[in-house]
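Working notes, beginning with the structure itself.
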Amino acid sequence: MKIAIAQQNYTVGALKNNKFKIIESIYRAREAGAELVVFPEHAVSGANCYYLMNKSQFLEACEVAMVEIASHCEGIAVLLGLPVYDRNKRVSSAVLIKDRRIVKFFGKKNISCADEKIYYDSSTGCGFVNIGDNRLAVVVGEDIQTEEWFGDNTDVVVNLHADRYFRRRIETRYDHIKTASFIHKKTFVFVNHLGGQSETVYDGSSCVFRRGEGIAFLKSFEEDFVVVDTVAASPVPIPPQNHTVNVYKAMKLGLHDYFEKNGFKKACLGLSGGVDSAVVLAVAVDVLGAENVRVLMLPSQFSSEHSVTDAVEMAENLGVEYDVIPITEAYNAVHESMKPVIGGTSFDKTEENIQARIRCAMLMALANKFGYILLNTSNKSEIAMGYTTLYGDMAGALSIIGDLYKTEVFSVARYINRRIEIIPENIIKKAPSAELKEGQKDSDVLPPYDLLDAILLRFVEENHGVEEIVNAGYEYNMVSHIAECIKENEFKRRQLCPVLQLSSRPFGTVYKLPLINKYILYPYEVVSDKE
């Protein structure tokens, strides 16, 4: 059987553009002699639709687009993902179209994604259809994880999915497909959504396996189109995966689509001379072009000379416009104005945060005056521990590294420098510092990042408790301190800008703690106030 796979980047609500993309691929598939062309889940609507699923006009418009698409399906079968309103239910479905006729709908039964549970209803699950001499099982989304009753008389299993990217997701997905017992005797076709939408990144990576062996692999993080002969195609090796490379591509795709799909053109950020802002700048220039990125360097009296020179060197390496604007005068003016309130008190985080908030005000002035979108530069390690300033360095319209631990940021920085030195080596080598007071280093208040990130990974991604982590060889006081910091800083994380989701447990969505958490021991034990 010749099956075409159309892996395309759709936009939520852009039904006209999505429809034209789909129709173009149908013609392309028919010209290539395909009997069937398959599109991913939510192809017509884009993903994720969120509250649009509550709008009857939106669902009706999706069905109108589907009917028009069907009029172009002469001489070919099409499996197409879209949301429908079926028997008072809002369903993520696949529709089979054959010879311009809408034949059958297949609705998703299992909804595991927290975002979708709010807006979608459960449907009937896997269904069957004959195309030529082949019997197909059609599965939508994560039903593939539970629907194993395809039977010996099923030739091909087709899974239309919108499976988002997160750390090591692509390789684990391939491994699951390769080892799943119910796939071994079948031809398995996986067609995945692609593109950045809000905070989510869909990686594509569609594929076809035959009896446990891969016979076609589409590109990751790019549009692709392949026609596969499920009988004649020879096995091909599974593409090797590199975590850092995939993270970099996911950041690029998420940032590109955030700007492209919103009509934004230009970005700005504060370039401090540290690795976080350096990585954000490098990605922004790679995606948007140097002519569309502008940076401010905002040193205070506590900033080291090398921080400014490192930042200037990087800006010049990339050819971006920059300005060096010392904030000492502004800081002194605020401090002097506040003397009636805070005069006579010792220097503490109050004065540190004043600096961060002055920088935010200046960056937002630049953004407002010239139409830039401010990019945030905080990483997940700092966000977890609360080592960030509300209305200061937590500001921005989008964070592309806020779901990356500090050690991952360093890995990305080294990847950026794989061919030529874009990020000055001193930025990568020097000890991290916020430089908000004399001689400050992150290690003054945080454990070394390799140790901190190893503990955070166990807490956040793997859901381990204090006792489990201590038993794994980590010091009790450090582990319990990190646990308390994570809990106590939930209120700050709730006010963070949108963050590209690059892990299995991003803050604010999957990983979300109660704001009232005084009586909650980490992670889930609850004690009474009598204790």
request  = Extending each Cα 7 Å along its Cβ direction at Glu425 and Val245, get the distance between those two points in nm, one decimal.
outcome  = 2.5
Over segment 383-531, relative contact order from alpha-carbon pairs under 8 Å, at least 6 apart, % = 34
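Rounded to the nearest 5, what % of the DSSP beta bridges within the chain are antiparallel ones?
About 55 percent, rounded to the nearest 5.
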request  = Take the Cα gyration tensor of the chain, multiply each eigenvalue by 5, square-root it, and list the three semi-axes largest first, rounded to whole angstrom.
outcome  = 46, 26, 22
ask   = Suppose R0 equals 22 Å; then what is the FRET efficiency for Arg211 and Phe128 from their Cβ-Cβ distance, rounded to the nearest 0.05?
value = 0.65
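Just to verify a number: FRET efficiency for Asp175 and Asp444, C-beta to C-beta distance, R0 = 30 Å, to 0.05?
Calculated value: 0.10.
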query = Among rounded, prolate and oblate, which fits segment 255-319 when a ≥ b ≥ c are the square roots of the eigenvalues of its C-alpha gyration tensor, a/c under 1.5 means rounded, and a/b larger than b/c means prolate?
reply = prolate
request  = With a bin width of 5 angstrom, please list the P(r) values of segment 336-456 as percents of all Cα-Cα pairs, from the 0 bin to the one holding the largest distance.
outcome  = 2, 9, 16, 19, 20, 17, 10, 5, 2, 1, 0
ask   = Cα centroids of segment 151-195 and segment 416-446: how far apart, whole angstrom?
value = 41
query = If R0 is 60 Å, what FRET efficiency do you get for Asn88 and Ser234 from their C-beta distance, rounded to 0.05?
reply = 0.80
ask   = So how strong a dipole does the chain carry about its Cα centre when Lys and Arg Cβ are +1 and Asp and Glu Cβ are -1, to the nearest 20 debye?
value = 1480
Mean separation of Cα contacts under 8 Å (6+ apart) over length of segment 202-294, as relative contact order % = 19
ask   = Using the Kirkwood radius built from alpha carbon pairs, what does the Stokes-Einstein equation give as D for segment 208-325 at 25 °C and 0.890 mPa s, in µm² per second?
value = 142
ask   = Which entries in the list Lys339/Lys430; Lys21/Lys265; Lys21/Lys406; Lys16/Lys104 go over 28 Å, if you measure between the two C-alpha atoms of each?
value = Lys339/Lys430; Lys21/Lys406
Coordinate range along principal axes, alpha carbons of segment 17-148, Å, largest first = 41, 35, 21
ask   = For the chain, what % of the accessible area comes from carbon and sulfur atoms, probe 1.4 Å?
value = 51
inquiry  = Please compute the contact order of the chain in relative form: average sequence separation of alpha-carbon pairs under 8 Å and at least six residues apart, divided by the residue count, as a percent.
reply    = 11
Cα-Cα pairs of segment 256-376 separated by more than 18 Å (percent) = 55
task = Could you calculate the contour length gain from Glu475 to Glu329, that is, 0.36 nm times the residue separation minus the distance between their Cα atoms, to one decimal place in nm?
result = 48.2 nm
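Would you mind working out the accessible area per residue for the chain, using a 1.4 Å probe, and quoting it in Å²?
Roughly 43 Å² per residue, with all protein chains present.
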note = Summing -39500 (n - 2.57) over every DSSP H run of at least 4 residues in the chain and dividing by its residue count gives a helix-only mean residue ellipticity at 222 nm, to the nearest 500 deg cm²/dmol, of -10500 deg cm²/dmol
ask   = Using alpha carbon coordinates only, what is the Rg to Rh ratio of segment 118-274, with Rh defined as the Kirkwood radius?
value = 1.04
message = Could you compute how much accessible surface Leu298 exposes when probed at 1.4 Å, giving the result in Å² to the nearest 10?
response = 10
inquiry  = Can you tell me which lysines have their Cα less than 18 Å from the Cα of Lys109? Leave out same-chain residues fewer than eight positions away.
reply    = Lys89, Lys117
query = Among the lysines, which fall within straight-line cross-link reach of Lys249, defined as a Cα-Cα distance under 16 Å, with same-chain neighbours fewer than 8 residues apart omitted?
reply = Lys219
message = Under the √(5λ) rule applied to the eigenvalues of the Cα gyration tensor, what semi-axes describe the equivalent ellipsoid of segment 412-531? Give them in Å, descending.
response = 30, 18, 16
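The values are calculated or read from the model by the stated rules, or taken from the named source; none is laboratory data. For clarity, every value in this text was computed on a predicted model and none was experimentally measured. Don't worry about glycine lacking a Cβ; one is built from the backbone with ideal geometry, like all the others, and counts go over all protein chains shown. Calculation scope for accessible area: heavy atoms of the full protein, side chains included, ligands and nucleic acids excluded. Shrake-Rupley method; radii C 1.70, N 1.55, O 1.52, S 1.80 Å.
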